[in-house]
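Let me begin by presenting the structure, written as structure tokens, before commenting on it.
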Amino acid sequence: MIRRRNTIKSLLIAILISIYLANGAQAADPIRQYQIDVVPIANAGVTMAVTEEVSRQIISQADSAFNDATGGQIRFTFRKLHPTSFPDTVILSSGEIQKATGLIPVPDPGFDKAILVGVIANTSAAKFAGQAILGGNYIIMNGGWTLNSTGPGVLTHELGHSLGISHANSAVCTTQLPIVCEHSEYGDSSSVMGTYVNKYVSNPLISRFSATELDKLKTLPIESKAIAAESGDYKLAPVYSKGINLPKVLYIPIGSELTYSVEYRPPTGNDSSLSQSQIFTPSGTYYTNTPSHGLQLRILPTVGTQFKDSQPTLTTVSDYKFDGTALIVSTFKADQVQPIGKVFTLSDGSTLTFLSADPNTGAMVRIQRSLDKEPPIVSDLQPRWITKQWIESHPGRGNIFKGSQNEWEYPIAEIPLDAITDNRLIKTIQIEVNGQVVGQIDQPMLNGIDAYTFKSTKPDTFTFKLIGTDYAGLTTTTATASLTSSYFQMVKPFNIQVDPGKDPKTSLTVTVVPRIEKNNYVLENLSSGKFISRVTEDGNIEFTITDLVRNQKFTARLIGTDEVGHDDGGSKIDYQPEATECTNKQCFVGYQWNIETGYWVPGVGNLTLQERVGTKWVNIQTAKPIADPKGIMKKSVTFIMKVTYQKAGKHTYRFSMGASKKYSGLVLKPFTQVVSTL
Ligand SMILES: [Zn+2]
């Protein structure tokens, strides 16, 4: 027998991007189908022989492994082998594949995602067997693209990264508070994301995940998850059992995060290899294996911003950022099996005891939570409108506007629930709107609900408040925060044109170019006059206003309304009519007649205005000659006379000029003036 050292574990590296991995428990998704394309990449002209048939079989093995581990919920299909790519520079990471090959994997209809696997000839320049982008769709394989090799197992691990799961690590922790753990990357021997050896030798391929990872992959139904927010005995079904009606993962929440998980992996069925210390290949060689089975306790990655002190501290010798799970082990070298009866002190002082484990009926653990005297804590409540916030380039949060169906659409508010957190876990959050409880979210963390959605149905100011209750029954209320919704004020007309009318002294026209055809426009609050309106051929509305009061500024308000009566706020209309003045022929009651007396040579006598009354000429006014008050006719004189009428009528006048030293007197031709009422 030839003994081979297992060196693969130190060669698996993931690029970890988009680092925040919410560890909230996930709801199970329906079956997900992924397509895999393969492209051989020639580095410096060196490539490995990649055939379609081998590619199909390797991917088929990875598919069967996922099919087994996820109960058929995650499947992979080989799609195509691209021609060999010859990049200009040597490609040694999954992040370079797109640029080097120009290939972007796009899924066909019915598939959730397509993944491109670039295969390079094995090179020691790349310190990995495979590499993937976390949650991405590029994988690079450093050789290994053959059957009966470690290749399919490596691919399965990398596909785990492509689906968003990080490494399965191990951790050795202090046994008393504060809990500080040293951790080892890949240290979990029971997960393909750690050092799961069976994946290299089994055919068909078996590559298993922890239940915590299966939940992250969204393949666990809600009834397979439980949360130990309170003290008690909790039962667990074996992770890969069927027909045992118990949860498969138990989360222990601390600081509003799922901080620990417990699960049970008996070494039965396809998990049998978990108890073996040697795993044989068909040719009789074997891999050394670290047994890793039974009840398992893991630390999950936490953010720990507000409750860091009550969560475990993880230390590491490398610069690896802890963002996967960490299986708690006694020492890094020993078997990863914890005995029944073992008691763990958790980071917040709670204790966990492994009580019993039976592959046929399940396991039981006891959780004794430390006394909780701390009510939930609050931060600023920040509700926001999430619906379309502008229309026709007019912004405005909380607008109520006409949608495509020409019906009013009321905005929807989102109220983030993370305004309330707890040192353990929030049990319920009640949502209050304007003093009324309108909803309640139970176990928001476990149910993966991070916001409450509120649909408004009227214009109003909505005042929100959250009331959070923890498992100890302690309650805290946030301060209130408000959002206002209002009808989107109708847009004003595109243009309002004001022009003089037929008689610019007494009339005008107003032409309205509307923005929205259906709107109705009305003139109101006219200072004088009357109007008629019509729609012009080009769809404008034209108001003709007549009978204005002369010499008075005209004002009115043009108001546009839509069919449900919301207005545009109104537009002011102003018009200054052309001035109306009295002449010698025409005048108006109440108006002053500045009598047109003409210009005369200096030296003339006084001028008298005479009116014919019956058969006589009666003197009305007499004026002396003066210089032109306007200073224009410098060589002439004129006469100033003014009359203001009290009533309408018709008058016949004449001017009579008296004699002077220089000139004799004269009588001018009579003229008629009509005085009317305006
Ligand atoms: Zn990895």
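If I ask for residues that are at pLDDT 95 or above and surrounded by fewer than 19 Cβ atoms within 10 Å (Cβ to Cβ), which ones from region 454-473 would you list?
Selection gives THR463, ILE467.
Against the definition (in contact with a Phe, Trp or Tyr (Cβ under 7 Å, 6 or more places away or on another chain), within 16 Å of the ligand (Cβ to nearest atom), within 20 Å of ASP323 (Cα to Cα) and not basic (Lys, Arg)), how does SER162 come out, yes or no?
Here the answer is no, as SER162 does not meet what is asked.
Of the residues that make up region 230-249, is at least one among the charged types (D, E, K, R), surrounded by 23 or more Cβ atoms within 10 Å (Cβ to Cβ), touching a residue at least 24 places away in the same chain (Cβ under 8 Å) and not assigned by TED's automatic domain parsing to the domain that holds THR70?
There is at least one residue in region 230-249 that is among the charged types (D, E, K, R), surrounded by 23 or more Cβ atoms within 10 Å (Cβ to Cβ), touching a residue at least 24 places away in the same chain (Cβ under 8 Å) and not assigned by TED's automatic domain parsing to the domain that holds THR70.
Determine whether ASN142 is among the polar types (S, T, N, Q), within 16 Å of the ligand (Cβ to nearest atom) and closer than 26 Å to ASP88 by Cβ.
When the stated conditions are applied, ASN142 passes them.
Among (1) on the phi < 0 side of the Ramachandran plot; (2) in contact with a Leu (Cβ under 8 Å, 6 or more places away or on another chain), there is one condition GLY570 misses while meeting the rest; what is its number?
Of the numbered conditions (1) on the phi < 0 side of the Ramachandran plot; (2) in contact with a Leu (Cβ under 8 Å, 6 or more places away or on another chain), the odd one out for GLY570 is (1).
Could you check, for region 94-103, whether at least one of its residues is more than 16 Å from the ligand (Cβ to nearest atom), part of a loop (DSSP other than H, G, I, E, B), in contact with a helix residue (DSSP H, G or I) (Cβ under 9 Å, 6 or more places away or on another chain) and under 30 Å from ALA334 (Cα atoms)?
Filtering region 94-103 for residues more than 16 Å from the ligand (Cβ to nearest atom) gives 96-103.
From what is left, the residues that are part of a loop (DSSP other than H, G, I, E, B) are 102-103.
Still in the running and in contact with a helix residue (DSSP H, G or I) (Cβ under 9 Å, 6 or more places away or on another chain): 103.
If we keep only those that are under 30 Å from ALA334 (Cα atoms) as well, we get none.
So far as region 94-103 goes, no, none of its residues is more than 16 Å from the ligand (Cβ to nearest atom), part of a loop (DSSP other than H, G, I, E, B), in contact with a helix residue (DSSP H, G or I) (Cβ under 9 Å, 6 or more places away or on another chain) and under 30 Å from ALA334 (Cα atoms).
In region 172-191, is there at least one residue being within 24 Å of THR77 (Cα to Cα) and either assigned to a loop (DSSP other than H, G, I, E, B) or within 16 Å of the ligand (Cβ to nearest atom) (or both)?
Yes: one or more hits.
Between a residue in region 149-163 that is in contact (Cβ under 8 Å) with a residue 60 or more places away in the chain and assigned to a helix (DSSP H, G or I) and any residue that is of a type in the set (Phe, Trp, Tyr) and near the ligand (Cβ under 9 Å from one of its atoms), which pairs come within a Cβ distance under 9 Å, given they are 6 or more apart or on different chains?
Partner pairs satisfying both residue conditions: VAL154/PHE128.
Given the residues LEU327, LEU300, LEU314, which is the only one that is surrounded by 15 or more Cβ atoms within 10 Å (Cβ to Cβ), within 17 Å of GLU185 (Cβ to Cβ) and in contact with an Asp or Glu (Cβ under 7 Å, 6 or more places away or on another chain)?
LEU327
Looking only at region 54-62, decide whether some residue is within 16 Å of the ligand (Cβ to nearest atom) and buried (at least 24 other Cβ atoms within 10 Å of the Cβ).
yes
Each row is one residue, and each column tells you yes or no for (1) within 16 Å of the ligand (Cβ to nearest atom); (2) touching a Leu at 6+ places or on another chain (Cβ under 9 Å); (3) modelled with pLDDT of 50 or more.
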{"position": "GLY24", "(1), (2), (3)": "no, yes, no"}
{"position": "PRO30", "(1), (2), (3)": "no, no, yes"}
{"position": "TYR34", "(1), (2), (3)": "no, yes, yes"}
{"position": "PRO40", "(1), (2), (3)": "no, yes, yes"}
{"position": "ALA49", "(1), (2), (3)": "no, no, yes"}
{"position": "GLU52", "(1), (2), (3)": "no, yes, yes"}
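If I go through region 68-89 residue by residue, how many of them are within 35 Å of the chain's Cα centre (by Cα) and without any contact (Cβ under 8 Å) to a residue 40 or more places away in the chain?
Result for region 68-89: 0.
Can you give me the ranges of the strands (runs of 3 or more DSSP E) entirely in region 407-506 with at least 1 residues that are closer than 20 Å to GLU374 by Cα and free of Cβ contacts under 8 Å to residues at least 60 places away in the same chain? Full working, then the answer.
Working: elements: 412-416, 426-433, 436-442, 451-455, 460-470, 475-477, 481-487, 495-500.
Strands (runs of 3 or more DSSP E) meeting the threshold: 426-433, 436-442, 460-470.
For region 280-310, which positions are under 51 Å from the mean Cα position of the chain (by Cα), within 16 Å of TYR196 (Cβ to Cβ) and of a type in the set (Val, Ile, Thr)?
Once the filter is applied, which keeps residues that are under 51 Å from the mean Cα position of the chain (by Cα), within 16 Å of TYR196 (Cβ to Cβ) and of a type in the set (Val, Ile, Thr), region 280-310 yields THR288, THR290.
The values are calculated or read from the model by the stated rules, or taken from the named source; none is laboratory data. For clarity, every value in this text was computed on a predicted model and none was experimentally measured. Virtual Cβ from ideal backbone geometry, glycine too; neighbours counted across all protein chains shown.
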